[in-house]
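Bear in mind these aren't lab numbers, they're just calculated from the coordinates by the rules spelled out. The structure presented is a predicted model; accordingly, all values stated were derived computationally and were not measured. When we count neighbours, we look across all protein chains shown, and the Cβ atoms used for this are built from the backbone with ideal geometry, even at glycine.
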Amino acid sequence: MSKLLQRLSDPSRSGVYRARQEKDILEATHGARLDVVGVEAKENLFDGLSRALAFPDWFGRNWDALEDVLGDLSWRKGDGHVVVFRTYPSGEDFGILVDVLRTTAEYWSGRGKPFFAVFLDPAKKLALPDLYRER
């Protein structure tokens, strides 16, 4: 098992991170029992997340509803969840999104299930910890 897969499988390491590229995450998790989903959420965050994660019809497309739905995920398969944000909002919406994702990661970690939100950030401009040390 690669070090990256070990990290992504460890509920105690759950959280919000940045990475330069998606390829390493996909390679590390190939064949693993993790639910890995790519999200395009720059234009419409709630719709992008809803499409990527196949949110149920009751999802209300607001911050409270997002926290509720991410705390459920019963319709998703896998021993844990890795949400890779290929695109994402900026400004205040980005800050709120990170807060919701951190709360979600703490929730799932407390239940022994890994949850990782990873923002693709090739230029390393986001004030988030690196998911892994790149080669």
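What the table shows:
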read-out: Under the span-like rule (Cα at least 24 Å along the axis, Kyte-Doolittle mean at least -1.0), DSSP H helices of the chain; value: 91-110
read-out: Positive-end residue, the range 1-74 charge dipole about Cα centroid, Cβ charges, pick of TRP63, SER9, VAL36; value: SER9
read-out: Cross-link pairs LYS3/LYS42; LYS77/LYS125; LYS23/LYS124; LYS77/LYS124 - those with Cα-Cα distance over 24 Å; value: LYS3/LYS42; LYS77/LYS125; LYS77/LYS124
read-out: Cβ-derived FRET efficiency at R0 35 Å, SER12 paired with LYS125, nearest 0.05; value: 0.80
read-out: Length released on extending from LYS113 to GLU92, taking residue separation times 0.36 nm less the Cα-Cα span; value: 4.7 nm
read-out: Amide H within-cut-off set for GLY80, under 5 Å, with H built and near neighbours excluded; value: ASP35
read-out: Point-charge dipole on Cβ atoms (K/R +1, D/E -1) for the chain, about Cα centre, debye to 20; value: 660
read-out: Euclidean distance of C-alpha centroids, the range 111-135 and the range 6-36, integer Å; value: 9
read-out: Gain upon complete extension [ARG76, LYS42; 0.36 nm per residue less C-alpha separation]; value: 9.9 nm
